[in-house]
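Undergrad: There's a structure below that I have some questions on.
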Amino acid sequence: MSDFIDVTYGEEYISLNFFIENEKIMVIGEKMEKINPEAYMNGYNWEAFLNYYLEKNAPEVLEGMDSDPESTMYVVYYDNTAENAEKTAKLAEIIEYLVENPEDIYEIVRKHSDEIEWE
């Protein structure tokens, strides 16, 4: 697991915490905002971006997902089941991929910003 994602398995829920104040994530967010000023990347806009990305690329990950965006982090919750543990792992992989390949993020912001429900 990366230093910007933490997954916790509780009795009832699995939570994935995406720490958006991590330096690497902040740099990506600043570049996103330069491309589109609406893309001020707090937890709410990371939720908007990731929901858009998941709808297009991994809609099954959205099934059963609850979220709690904040100004400093983005938290996702699932009921603690084996199927949802797989979804959580896939979501973590997707976020890690996007962070390691930020040009993919920037391309989406350039081409599809008007389709993303920014805060």
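Undergrad: Determine the pairs where a residue that is in contact (Cβ under 8 Å) with a residue 60 or more places away in the chain, located within the range 60-79, has a partner that is hydrophobic (A, V, I, L, M, F, W, C) and surrounded by fewer than 13 Cβ atoms within 10 Å (Cβ to Cβ) with Cβ atoms under 9 Å apart, the partner being 6 or more residues away or on another chain.
TA: Short answer, once both residue conditions are applied: none.
Undergrad: So which residues in the range 63-79 are within 11 Å of the chain's Cα centre (by Cα), aliphatic (A, V, I, L, M) and modelled with pLDDT of 95 or more, if there are any at all?
TA: Val75, Val76
Undergrad: Could you tell me whether the range 86-96 includes any residue that is of a type outside the set (A, V, I, L, M) and surrounded by 17 or more Cβ atoms within 10 Å (Cβ to Cβ)? I'd like the intermediate steps shown before the answer.
TA: Our first condition is that a residue be of a type outside the set (A, V, I, L, M); within the range 86-96, this holds for 86-88, 90, 93, 96.
Applying the additional criterion that residues be surrounded by 17 or more Cβ atoms within 10 Å (Cβ to Cβ) yields 87-88.
Checking the range 86-96: at least one residue is of a type outside the set (A, V, I, L, M) and surrounded by 17 or more Cβ atoms within 10 Å (Cβ to Cβ).
Undergrad: Follow-up. For Tyr106, indicate whether it is in contact with a Lys or Arg (Cβ under 9 Å, 6 or more places away or on another chain), of a type in the set (Ser, Thr, Tyr) and part of a helix (DSSP H, G or I).
TA: Numbers: in contact with a Lys or Arg (Cβ under 9 Å, 6 or more places away or on another chain): yes; of a type in the set (Ser, Thr, Tyr): yes; part of a helix (DSSP H, G or I): yes.
So Tyr106 fits the description; yes.
Undergrad: Looking only at the range 60-80, filter to residues that are assigned to a loop (DSSP other than H, G, I, E, B) and charged (D, E, K, R); which one of those is surrounded by the fewest Cβ atoms within 10 Å (Cβ to Cβ)?
TA: Glu63
Undergrad: Sticking with this structure for a sec: Between Asn45, Asn57, Asn22, Asn17, which is under 15 Å from the mean Cα position of the chain (by Cα), at negative phi and surrounded by 19 or more Cβ atoms within 10 Å (Cβ to Cβ)? Write out each step before concluding.
TA: Numbers: Asn57 fails: surrounded by 19 or more Cβ atoms within 10 Å (Cβ to Cβ); Asn22 fails: surrounded by 19 or more Cβ atoms within 10 Å (Cβ to Cβ); Asn17 fails: surrounded by 19 or more Cβ atoms within 10 Å (Cβ to Cβ).
Exactly one of Asn45, Asn57, Asn22, Asn17 is under 15 Å from the mean Cα position of the chain (by Cα), at negative phi and surrounded by 19 or more Cβ atoms within 10 Å (Cβ to Cβ), namely Asn45.
Undergrad: So is Glu83 without any contact (Cβ under 8 Å) to a residue 40 or more places away in the chain, over 11 Å from the mean Cα position of the chain (by Cα) and part of a helix (DSSP H, G or I) or not?
TA: In short, yes.
Undergrad: Just to be sure, is Tyr53 hydroxyl-bearing (Ser, Thr, Tyr) and closer than 17 Å to Glu119 by Cβ?
TA: Values: hydroxyl-bearing (Ser, Thr, Tyr): yes; closer than 17 Å to Glu119 by Cβ: yes.
Yes.
The values are calculated or read from the model by the stated rules, or taken from the named source; none is laboratory data. If you're wondering where the values come from, they're calculated on a predicted model, not measured in any experiment. For neighbour counting, all protein chains shown are included, and Cβ atoms are generated from backbone atoms with ideal geometry for every residue, glycine included.
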